[in-house]
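Worksheet for the structure shown next.
Bear in mind these aren't lab numbers, they're just calculated from the coordinates by the rules spelled out. As the structure is a prediction and not an experimental result, all values here were calculated from the model. Heads up, the Cβs are rebuilt from the backbone with ideal geometry, glycines too, and the neighbour counts pull from every protein chain shown.
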């Protein structure tokens, strides 16, 4: 997997990796509010030059809880083809399930194994 470019926001590192954007959440005391969601959206757009994209969201081993407005904003992004969310505990699974219920634009699936998430992502669109 070749990383071409990485952008860091207050709570995440976004990088383009072959066929998808990896969003790796980092431990941070910063809020995951609407402004952070907009920063991540702009970072993703710049990584793919405005093209449609797939997203692998890694929330393993972190306790990040996006505010409701942030989740709603990100669930409506039109450029996303599909999202795979990597979890490893019940809390992040519950938050991810809530996000899935709000998603209006693209398929979203939760995984515990990275290789399965990538395989699923690559099969989308």
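Return 74, 47 ranked ascending by Cβ neighbour count within 10 Å, so the fewest neighbours appear first.
Numbers: 74 26, 47 20.
Ordered from fewest to most neighbouring Cβ atoms within 10 Å, 74, 47 come out as 47, 74.
Between 89, 49, 103, the Gaussian network model of the chain with springs among Cα atoms under 10 angstrom shows the greatest mean-square fluctuation at 49.
For the chain, the 222 nm mean residue ellipticity estimated from helices alone, with every DSSP H stretch of n ≥ 4 adding -39500 (n - 2.57) and the total spread over all residues, rounds to -11000 deg cm²/dmol.
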